[in-house]
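Worksheet: the structure to be examined is printed underneath.
The values are calculated or read from the model by the stated rules, or taken from the named source; none is laboratory data. These numbers come from a predicted model, not from an experiment. Cβ sites come from the backbone with ideal geometry, for glycine too, and all protein chains shown count toward neighbours.
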Amino acid sequence: MISDSLISKYQIINRYKQLTGEALNKNNYLEILSLTELLKKLLTETYQGSDNQFVRSKQINFHLFKEKFSTQYNLEEIDSKHLWQEIYYLLKGNATYSINEKGLIALEDYQQQIQNYSFLPLNVNHQKIYKLAEKYQQWLKENNYWDDNDLSRYLLTHLHEDNIGKYYIYGDNIHHWSEISLKLICQLTTAEKTFALT
């Protein structure tokens with residue numbers, strides 16, 4: 001199970017105990033992980049030695065993005081949460097368009113998506129947003145930081161055949177996942193396996 005909600009984890013653990021009379025442990029073949037925990041587990045189990053690139057202390061989430069990155073810029077007209085969503089979901093986490101050498105979809109592809117998918121007001125200068133996304137990518141690189149999209153892309157491009165269709169997955173709160181993370185999760189399961197999303 002993939003969940004970032006402690007309440008969901010608690011409910012599953014208690015429901016399992018009610019149904020089976022047993023405490024949930026590793027021998028029960030059910031693990032409750034956050035998306036990042038699952039990605040890191042896949043990385044260490046499948047790609048031994050690659051973990052140095054994705055050190056846990058270098059992971060960037062929204063809170064660290066707001067604290068460490070967005071405070072460097074005068075972004076009075078842009079809410080940092082919306083900027084994060086724009087970069088994380090639309091510019092980096094997009095599975096529809098190919099990613100350029102900077103780790104983003106092309107500016108032209110981004111401009112095609114703005115009308116229907118942007119998290120920002122339409123009157124915002126989207127070229128400025130794209131430049132900020134490029135600066136974010138450079139900042140990640142310079143500091144050896146990474147986010148879930150970087151790890152998801154890495155795993156997708158290095159996915160071992162043995163992992164395709166191997167897992168039964170129940171995903172909770174998938175609205176927090178980017179398209180690229182969802183694409184990876186879908187590749188880990190098959191139509192014959194149990195796969196549920198909420």
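The condition of being within 23 Å of L43 (Cα to Cα), among the aliphatic types (A, V, I, L, M), touching a Leu at 6+ places or on another chain (Cβ under 8 Å) and surrounded by 14 or more Cβ atoms within 10 Å (Cβ to Cβ) holds for only one of L159, L132, that being L159. The criterion of being farther than 18 Å from K81 by Cα and assigned by TED's automatic domain parsing to the domain that holds L188 holds for N163. Here I169 does not qualify as more than 20 Å from Q59 (Cβ to Cβ), in contact with a helix residue (DSSP H, G or I) (Cβ under 8 Å, 6 or more places away or on another chain) and surrounded by fewer than 16 Cβ atoms within 10 Å (Cβ to Cβ). Residues in the stretch 44-92 that are out of contact with any Lys or Arg (no Cβ under 9 Å at 6 or more places or on another chain) and in a loop (DSSP other than H, G, I, E, B): Y47, Q48, G49, V55, N61, N74, L75, E76, E77, D79.
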